[in-house]
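Undergrad: Handing you this structure, nothing more for now.
What follows draws every value from the coordinates through simple rules; no lab data is involved. Just so you know, these numbers come straight off a predicted model, no measurement behind them. Because the Cβ atoms are built from the backbone with ideal geometry, glycine has one as well, and the counts that use them run over all protein chains shown.
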Amino acid sequence: MRLPDRLRDAASMLTGEEREMLRVLAAEHPLRRGCVIDAGCFLGGSTLAITLGVRARDRHVPVHTYDRFIVDWSSLVSYPALLAGLSEGDSFRDRFEQQLGAELELITIHQGDILGMLWDGEPIEMLFIDIAKSWEISDHIHQQWLPALVPGTGVVIQQDYVHEWCPWLHVLMELLAEHFQPIATVGGVSRVFRCLSAVPPDAIPQRLRELPQDWLLALFDRSANRFSGEERAVIECARAVLLADLGQVEQARRHLDSLARSDVQGERFPSVLDDVTAYVP
């Protein structure tokens, strides 16, 4: 893979494969009558990838970008080099704008708490989600955006899908499986889905977490069974997070113990297992 230099050198938490995937989708995927949403842009790596792709098209495509643009503690700990010189609570919007440069003219920026923002129903062709960091946020954004996806061609990229901290994404996408076709996993993290049919608003629960626990776990299991190797092991760590969130702490501990005794190969899994083991009380 040969990334454009500007995209290769972008300040971003995304892998090179993810950035190139976003650029290619924005440049080549059918985007006939709707917009692109970039939800959780951080310093603008995803936004830059999308806008460089849009630049290559023969028509303008609206791009909506969302973030609080405020440094939080977890980002500061996870990405100290990217946020060098900033402290918790500082704004990084100036760094985002500097990185985007001339591409700023292609985007509408939505800054603030996503929970206070409503969608106007405009059709959505491409939806990149890197903001669903809690049950509450996931409920809100999916209720707003998924029903607006263009059936047949609309795509959703769930950036935190092969990840230990967002089990609600697995539950939701399996709950809506009749409406979505999994296409690929990119960069070992992002999962790409094609929208097969319109998503009825009432198909998305107001509070996903309040579904019966057996149902939540069965939906998660259905998703986990689609994966293998280290990706499956990382998702199994997310199962422990789900169990703990549902109050099944002893079951979560036993599950983590079983994972610790497994022979999973890969560089990522050991640190993921350690982090989730520290999370489960």
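Undergrad: In the chain, what percentage of the DSSP-assigned beta bridges are antiparallel, given to the nearest 5?
TA: On the way: 11 of 30 bridges.
Given both bridge residues lie in the chain, the antiparallel proportion sits at roughly 35 percent.
Undergrad: Specify the inter-centroid distance of the stretch 20-68 and the stretch 161-206, based on alpha-carbon positions, in whole Å.
TA: 20 Å
Undergrad: With θ set to phi - 60°, apply the Karplus curve 6.51 cos²θ - 1.76 cosθ + 1.60 along the stretch 124-133 and write out the HN-Hα couplings as whole Hz, x wherever there is a Gly or Pro.
TA: 10, 9, 9, 10, 9, 10, 10, 10, 7, 8
Undergrad: Which FRET efficiency, nearest 0.05, do LEU104 and VAL77 yield, Cβ-Cβ r, R0 35 Å?
TA: Values: r = 29 Å, r/R0 = 0.83.
It comes to 0.75.
Undergrad: Next up: Between LEU86 and ASP120, take the C-beta separation as r, use R0 = 25 Å, and let me know the FRET efficiency to the nearest 0.05. Don't skip to the end; give the middle numbers.
TA: On the way: r = 33 Å, r/R0 = 1.32.
Computed FRET efficiency for LEU86 and ASP120 comes out at 0.15.
Undergrad: What are the equivalent ellipsoid semi-axes of the stretch 5-206, built from the alpha-carbon gyration tensor (square roots of five times its eigenvalues), in whole angstrom, biggest first?
TA: Working: eigenvalues 123, 80, 50 Å².
Values for the stretch 5-206, descending: 25, 20, 16 Å.
Undergrad: Just PHE193, PHE69, PHE227 to compare: in a GNM of the chain, with alpha carbon springs under 10 Å, which one fluctuates most?
TA: Maximum fluctuation in the GNM of the chain, among the listed residues, is at PHE227.
Undergrad: Using only the alpha-carbon atoms of the stretch 227-279 as identical scatterers, what base-10 log of I(q)/I(0) does the Debye formula give at q = 0.16, 0.17, 0.22, 0.30 Å⁻¹?
TA: With no solvent term, the Cα-only Debye profile gives -0.39, -0.44, -0.73, -1.24.
Undergrad: What is the stretch 185-281 by shape, rounded, prolate or oblate, if you read a ≥ b ≥ c off the alpha carbon gyration tensor as root eigenvalues and call it rounded for a/c under 1.5, prolate for a/b larger than b/c, and oblate otherwise? Present the calculation step by step, with values, prior to reporting the outcome.
TA: Numbers: a/c = 2.48, a/b = 1.32, b/c = 1.88.
Because a/c hits 1.5 or more and a/b fails to exceed b/c, the stretch 185-281 counts as oblate.
Undergrad: Continuing with the same structure: In whole Hz and in residue order, list the ³J(HN,Hα) couplings for the stretch 170-183 that follow from phi through the Karplus curve 6.51 cos²θ - 1.76 cosθ + 1.60, θ = phi - 60°; x for Gly and Pro.
TA: 5, 4, 5, 5, 6, 4, 9, 4, 5, 9, 9, 10, x, 9
Undergrad: Over the chain, calculate the relative contact order: mean separation of alpha carbon pairs under 8 Å at least 6 apart, over the residue count, as a percent.
TA: Numbers: 474 pairs, mean separation 40.9, N = 281.
Reported relative contact order: 15 percent.
Undergrad: Work through the residues other than PHE92 whose Cβ is under 12 Å from its Cβ and net out their charges, Lys, Arg +1 and Asp, Glu -1. Could the numbers behind the result be given before it?
TA: Working: positive: ARG68, ARG93, ARG95; negative: ASP67, ASP72, GLU88, ASP90, ASP94, GLU97.
Neighbourhood net charge equals -3.
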